[in-house]
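Student: Quick one: this structure, given as structure tokens, is what I'll be asking you about.
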Amino acid sequence: MKSFERFLSLLTTIHDPRRAEGKLYKLPYVLLFSILAIVSGANSYRGICTFIKVNRRKLNKAFKISWKRPPAHTAIRYILQGLTAKRPFANMRPI
């Protein structure tokens, strides 16, 4: 989706601490979809998972990805908790 390209490119600069084998879901999309879910009213990892599950086909089409299923709520928790809170946006330029 063109309107999110710049934001996605900024999210790409965030370091992904997962091993290469654990990167079935790309970090920028997990972050973006988590933000969209929270803005839409999700207040838990299960809520984020539900948002992605309900909107998966639309998200796949809009962002040209091919997720067959959403990440489990435990995978979302693992991904988000693995990010370091100290300066997560240090590489980002102001918009």
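No value in this document is a laboratory result; all are computed from the given coordinates. What you see is a predicted model, and the numbers here were worked out from it, not measured in a lab. FYI the Cβ positions are ideal-geometry reconstructions off the backbone, even for glycines, and counts take in every protein chain you see.
Student: Do the sum for the chain: with -39,500 (n - 2.57) for every DSSP H run of n ≥ 4, divided by all residues, what is the mean residue ellipticity at 222 nm, to the nearest 500 deg cm²/dmol? Spell out each step's value before the answer.
Tutor: Details: 4 runs with 49 residues, N = 95.
Computed mean residue ellipticity for the chain: -16000 deg cm²/dmol.
Student: Find the eigenvalues of the gyration tensor of the Cα atoms of the chain, then list the square roots of 5 times those eigenvalues as equivalent ellipsoid semi-axes, largest first, in whole angstrom.
Tutor: Square roots of five times the eigenvalues give 20, 17, 14 Å.
Student: Under a 10 Å cutoff between Cα atoms, tell me which one of L32, L80, L24 has the largest fluctuation in the Gaussian network model of the chain.
Tutor: Its mean-square fluctuation being the largest, the pick is L24.
Student: Near K68, which lysines are there with a Cα under 28 Å away, not counting those fewer than 8 places off in the same chain?
Tutor: K2, K23, K26, K53, K58
Student: Mind checking which of I76, I48, I65 has the largest fluctuation in a GNM of the chain, springs on alpha carbons under 10 Å?
Tutor: I65
Student: Related question: Would you calculate the separation in nanometres between label points at Y78 and T50, each defined as 7 Å from the Cα along the Cα-to-beta-carbon direction?
Tutor: The two pseudo-label positions are separated by 2.3 nm.
Student: Quick one: Karplus J couplings for segment 41-53, per residue in order, coefficients 6.51, -1.76, 1.60, θ = phi - 60°, nearest Hz, x for Gly and Pro?
Tutor: Listing the rounded values in order: x, 5, 10, 7, 5, 5, x, 5, 4, 5, 4, 5, 4 Hz.
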